[in-house]
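Everything on this sheet refers to the single structure shown next.
The values are calculated or read from the model by the stated rules, or taken from the named source; none is laboratory data. Computed from a predicted structure; not experimentally measured. FYI the Cβ positions are ideal-geometry reconstructions off the backbone, even for glycines, and counts take in every protein chain you see. Heavy atoms of the whole protein, side chains included, go into the accessibility calculation; ligands, DNA and RNA do not. Shrake-Rupley method; radii C 1.70, N 1.55, O 1.52, S 1.80 Å.
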Amino acid sequence: MNDHSHPVHFGSMSSAADVPTRGTVSVNGEGVVNAQPDLALVTLGAVTENKDLTAAQQANSAAMTAVINGLLQMGIPNENIKTVQYTIDSVYDYQDGKQLLRGYRVTHLLQVTIPQIALVGQIVDQAVRNGANSVSNIQFTLAHPEARYNEALSLAIRSAQQKAYTISQTIGAPVNLLPQKIRETSQGTPSPPEPVAYAKMASAATPIEAGQLQVKATVNAEFSIEPTSESHVFSKAITY
């Protein structure tokens with residue numbers, strides 16, 4: 001976060017002989033840590049259509065049974081496979097302004113959690129061979145993001161301290177780098193990359209690159225400024 005507004009507040013002084021009162025400086029700090037993803041979330045499944053609802057359901061069930069069995073055979077545990085959508089929709093055609101029932105569409109989508117990042121392409125391709133005809137997206141994340149976020153949070157606090165120190169040096173007044181008040185302004189989760197689109201390849205396993213995640217933390221902190229006798233040249237509120 002590039003915030004260049006740093007309000008510095010000093011107490012009022014009746015004369016140059018008065019001792020200046022303590023002031024504060026409020027700054028924002030940001031920390032960023034790059035992390036290699038170690039978990040993939042893939043949404044895939046089968047969409048079937050038929051004039052007869054029962055036939056559409058049976059075709060979908062057969063396809064999804066083959067897809068799930070294939071995932072299990074490739075080492076994906078059952079708890080990493082969950083249904084995220086199951087819908088039955090009527091499908092219509094329109095002729096001469098009239099709505100005609102064409103049949104029914106059954107959609108069954110799974111979210112599959114894959115800890116073997118290098119095998120994502122192979123697993124998705126195998127699911128397609130087993131009957132999956134919908135792959136919505138592939139997202140990469142961290143299994144345990146807390147450690148990386150805490151690193152970013154530490155960097156954010158140091159960033160705030162550095163800003164406060166720079167301001168104190170500029171105005172010639174010492175600063176206490178132990179914050180009087182500090183507020184975490186980030187949400188504590190890594191920013192996910194854009195979902196990866198899936199395109200079926202005719203030969204080898206689809207190459208899918210995980211890239212890197214960016215884990216960001218931001219804070220707002222207030223520090224105590226101790227104005228010197230020369231600080232009377234500054235007004236009660238100075239903005240940099």
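Looking at Q180, Q111, just one residue is touching a Ser or Thr at 6+ places or on another chain (Cβ under 6 Å), in contact (Cβ under 8 Å) with a residue 60 or more places away in the chain and more than 20 Å from G45 (Cβ to Cβ), and that residue is Q180. Among the residues making up the stretch 95-116, those that are in contact with a strand residue (DSSP E or B) (Cβ under 7 Å, 6 or more places away or on another chain) and within 16 Å of P77 (Cβ to Cβ) are L110, Q111, V112, T113, I114, P115.
Selection of first residues in the stretch 22-45 that are over 25 Å from L153 (Cα atoms) and of second residues that are open to solvent by 30 Å² or more (accessible area, probe 1.4 Å) and part of a loop (DSSP other than H, G, I, E, B), restricted to Cβ pairs under 7 Å at least 6 apart or on distinct chains, gives the following pairs, ordered by first then second residue: R22/E226.
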